[in-house]
Amino acid sequence: MPDRISRMSRRTVAKAATAAGLAALFGTATGVDRARAATQVGPRTFDVSVASAALRRSAPVRLILPAGFDAAPARTYPVLCLLHGAHDDYTSWTRETDIEAFTEGRDLIVAMPDAGPTGIPSVWRDGVDYETFQVTEVPALLARDYRASGVMAVAGVSTGGYGAMAHAARHPGVFAAAASYSGVLDTTAPGVPAIVDAIVARENLPAASLWGHPVLNLLTWRDFNPRARAEGLRGTPLYVSQGSGLLGGGGDPLPGVLESALWPSAHGFTDALARLGISVDSHFYAGGGHDWAYWKGEFARSWPMLARALGVPE
């Protein structure tokens with residue numbers, strides 16, 4: 001144990017101490033208490049409803065607990081936070097991937113919080129705050145009821161990839177690592193505001209209800225832009241993947257077109273990191289589409305980095 005602590009950064013120790021303090025303050029739930037508050041949907045998977053002041057409602061988070069969680073009541077665990085994309089929900093990672101089987105035998109908690117119908121986990125102009133929900137309220141729940149250690153990494157697809165980088169950049173030191181798969185990483189790049197507005201409008205919401213007008217409210221757009229906040233990522237292990245997209249061919253062209261539209265944004269983001277001297281493990285690949293067929297492989301590529309940050313076996 002002393003050797004392990006000596007390898008941990010001061011920032012990681014501070015996060016662990018904060019989580020321990022939260023657990024001591026609120027108490028730790030027993031297996032019986034947790035069963036009353038959560039719905040079990042798999043051998044290790046539970047859906048929890050969180051009473052959120054930030055969202056002004058209760059919102060769901062899906063959890064995958066480590067095997068033997070109840071058998072080691074004094075043990076704490078790192079957290080892998082996985083964020084869903086646009087027009088999807090908190091069940092997407094268990095529906096589209098083998099994350100339950102993948103984490104079997106690995107001593108960590110997987111948390112998949114709600115990000116609303118747009119999947120954009122930010123602070124909306126009406127005050128609804130998915131950022132606080134995901135960055136503050138869900139970790140507090142995990143520390144209080146599920147013995148989270150305070151060491152947390154975040155990864156996401158599409159708008160969830162935006163959330164992973166935006167959260168890590170806007171809250172330096174909170175996340176031990178961040179990974180984005182086809183994320184929206186430069187919200188003010190040419191053509192990207194129109195994509196963001198279209199995502200919002202598809203859910204029958206006014207386009208300006210997120211960050212306002214992209215020109216008239218440019219300072220707000222910049223404040224929530226991962227590229228503009230890139231300095232906050234210094235010292236955080238990062239992974240970014242993006243395909244160039246495919247135009248033409250058979251089948252639905254939309255995933256390829258959307259992937260292609262986000263290609264310059266991803267390059268702009270990693271270029272900004274390079275200018276700042278911030279290292280990032282990037283994987284830009286030819287072709288590809290904006291869908292899970294590619295994101296599953298990219299998660300696997302990023303796993304060694306995430307595992308090292310979480311302190312669990314690769």
Return the FRET efficiency for the residue pair A300, A201: r is the Cβ-Cβ distance, R0 is 35 Å, and the value is rounded to the nearest 0.05. 0.55
Calculated from DSSP helices alone, with each H run of at least 4 adding -39500 (n - 2.57) and the total divided by the residues of the chain, [θ]222 nm to the nearest 500 comes to -11500 deg cm²/dmol
Radius of gyration and maximum dimension Dmax of the range 31-98, Cα, Å: 13.3, 39
Starting with the highest mean, order 131-139, 301-309 by the number of other Cβ atoms within 10 Å, averaged over the residues of each peptide. 131-139, 301-309
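How much of the accessible area of the chain, probe 1.4 Å, is carbon plus sulfur, in whole percent? Walk me through the numbers on the way to the answer.
Values: 7550 of 13230 Å².
Its accessible area is 57 percent carbon and sulfur atoms.
Once you charge only the Cβ atoms, +1 for Lys and Arg and -1 for Asp and Glu, what is the size of the charge dipole of the range 40-153 about its Cα centre, to the nearest 20 debye?
Numbers: 10 positive and 15 negative charges, 56 e Å.
Dipole about the Cα centre, nearest 20: 280 debye.
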Could you give each residue of the range 105-112 its phi-based ³J(HN,Hα) in whole Hz, using Karplus coefficients 6.51, -1.76, 1.60 with θ = phi - 60°, and x for Gly or Pro? x, 9, 8, 8, 9, 9, 10, 10
Let me have the relative contact order for the chain, percent, based on Cα pairs under 8 Å that are six or more residues apart. 16
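Given 20 °C and 1.002 mPa s, compute D for the range 47-195 with the Stokes-Einstein relation, Rh being the Kirkwood radius over Cα pairs; round to the nearest whole µm²/s. Spell out each step's value before the answer.
Values: Rh = 15.5 Å.
The diffusion coefficient I find is 138 µm²/s.
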If every Lys and Arg gets +1 and every Asp and Glu gets -1 at its Cβ, then about the Cα centre the range 140-288 yields a dipole, in debye to the nearest 20, of 420
Tabulate in residue order the Karplus-calculated ³J(HN,Hα) for the range 43-58, using 6.51 cos²θ - 1.76 cosθ + 1.60 with θ = phi - 60°, rounded to whole Hz; enter x for Gly and Pro. x, 10, 10, 9, 9, 10, 9, 10, 6, 10, 5, 5, 9, 6, 6, 7
Test item: Cα-centred dipole of the range 84-141, Lys/Arg +1 and Asp/Glu -1 on Cβ, debye: 100
Label corresponding to Cα extents along the principal axes in Å when calculated from the structure given, among (1) 54, 40, 40; (2) 63, 51, 34; (3) 57, 41, 36: (1)
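Using only alpha carbon pairs under 8 Å that are at least six residues apart, calculate the relative contact order of the range 51-153 and give it in whole percent.
Working: 161 pairs, mean separation 38.5, N = 103.
Relative contact order here is 37 percent.
Find the accessible area per residue for the chain; the probe is 1.4 Å, ligands and nucleic acids are left out, and the unit is Å². Mind showing how you got there, number by number?
On the way: 13230 Å² over 314 residues.
On a per-residue basis, the chain sits at 42 Å².
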Want the number for R222 to V257: 0.36 nm per residue separation, take away the alpha-carbon distance, what's left? 10.1 nm
For the chain, share of DSSP beta bridges that run antiparallel, in % to the nearest 5: 40
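Express the C-alpha Rg of the range 230-314 as a ratio against the empirical globular expectation 2.2 N^0.38 Å, rounded to two decimals. Please report the intermediate quantities before stating the final value.
Details: Rg = 14.5 Å, N = 85, 2.2 N^0.38 = 11.9 Å.
Cα Rg divided by the expected 2.2 N^0.38 Å: 1.22.
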Give the peptides 225-237, 202-214 in descending order of average Cβ contacts within 10 Å, highest first. 225-237, 202-214
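The values are calculated or read from the model by the stated rules, or taken from the named source; none is laboratory data. What you are looking at is a predicted structure, and each value in this text was computed from that prediction instead of being measured. Every residue, glycine among them, receives a Cβ derived from its backbone with ideal geometry; neighbour counts consider all protein chains shown. These accessible areas exclude ligands, DNA and RNA; they are computed on the full protein's heavy atoms, side chains included. Shrake-Rupley method; radii C 1.70, N 1.55, O 1.52, S 1.80 Å.
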